[in-house]
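S.K.: If you scroll down you'll find the structure; I have some questions about it.
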Amino acid sequence: MTEEPFPEDVHSKKLWRKKPHYASDAVSFTRFLAGTGMALLACAFLPLFVTNLVDESGTPLSTGTATTAGHRPVAPPAVSDLASLPKATTFDVINEAPPDLQPSQAPTGHVVHPNRTIPVFSAPGKDAIAALPPTQITSDTWVPVIVEEPGWVQVLLPVRPNGATGWLSTQDDSLEHATSPYLITVERSSFQLSLHHGSRLIGRWTVGVGKPNAETPPGRTFVLASLIDPTQQFSPVILPLGTHSTSLETFGGGPGTTGIHGWPTPNVFGKPSSDGCIRVPADALRLLSTEVPLGTPVLIN
């Protein structure tokens, strides 16, 4: 049986299900609870929700460039050759990326999507260290914001090393803003995955996590993409996260990306049973796939 982290062929799968944009045609949570449109493990990602950063018509709002002190924000340096920068994807390593300084703190849910490939900076006004493309694997790029400053946001990146971050300028039209109302938490010691909608607990499940020699990496990350891969025996749907195995540099030709997925037998739940991924029951995978947007934060303790 093919094991995770995900091999190269899973990362490059073209069979995927396109989901609605964050600000339009969202599937309501009430409709989900009524059970409409659900199929077992029909786990593509994700009808995408917006709560705070939208106007009355549902259009995402820019954070703008004004400052409370009345000063203009620090301008981003010019990048003469964006194509020469390393890409900020799950396949890449950005050693110059600043580390996440608060890995145990849940982000606010503010997420951003680059409308085109954009530079990632080491700090506001400092050098560009990478380029963030508008897609990741087969899904649109949505990354969570962890710090906001006038004209800038600091985001989590899907690269190695785990916990890498970068700064994006908000001073032009390159970013689309939205908010995910969801938070996924994973308590490795008790083998519990919980889904929260704001302050409300939506569901809690007993799951499988990484074995002692291949632990599920701790810290905060996010839902990076969604893949439907009927050739895989362990789960027809895979939700890669923006983090990587701490024990495997590569796996099956892929970069050792970890994620959330199902498992065909229940004996893996409630124990350290995986090579780093989070194995969840079918009903958890079903809910995560139909309600949780790309970019949603995942907090692993």
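S.K.: Using amide H atoms built 1.01 Å from N in the peptide plane, name the residues 5+ places from Glu149, or on other chains, whose amide H lies under 5 Å from its own.
M.R.: Gln154
S.K.: Here is a further query. Whole-Hz Karplus ³J(HN,Hα) for segment 280-291, in order, using 6.51 cos²θ - 1.76 cosθ + 1.60 and θ = phi - 60°, x for Gly and Pro?
M.R.: 10, x, 4, 5, 5, 4, 4, 5, 4, 6, 9, 10
S.K.: Also, I was wondering about something else. Quick check on segment 82-178: take the gyration tensor over C-alpha atoms, sort the square-rooted eigenvalues as a ≥ b ≥ c, and tell me if it's rounded (a/c under 1.5), prolate or oblate.
M.R.: rounded
S.K.: Amide H neighbours of Thr258 under 5 Å, counting only residues 5+ apart in sequence or on other chains, H built in-plane at 1.01 Å?
M.R.: Counting only residues 5 or more places away or on other chains, the set is Leu241, Thr243, His244, Ser245.
S.K.: Then there's this: Kindly state, as a whole number, the per residue volume in cubic angstrom of the convex hull around the alpha carbon atoms of segment 115-158. Each step should come with its number before you reach the end.
M.R.: Numbers: hull volume 3.4 nm³, N = 44.
Given the Cα convex hull of segment 115-158, per-residue volume reads 77 Å³.
S.K.: Around Leu132, which amide H atoms from residues at least 5 apart in sequence, or from another chain, sit under 5 Å from its own amide H, with H modelled in the peptide plane?
M.R.: Distant-sequence amide H within range of Leu132: Ala88, Ile118, Val120.
Where a number appears in this text, it was derived from the coordinates with a stated rule and is not lab data. Please read these numbers as outputs of a predicted model, since none were measured by experiment.
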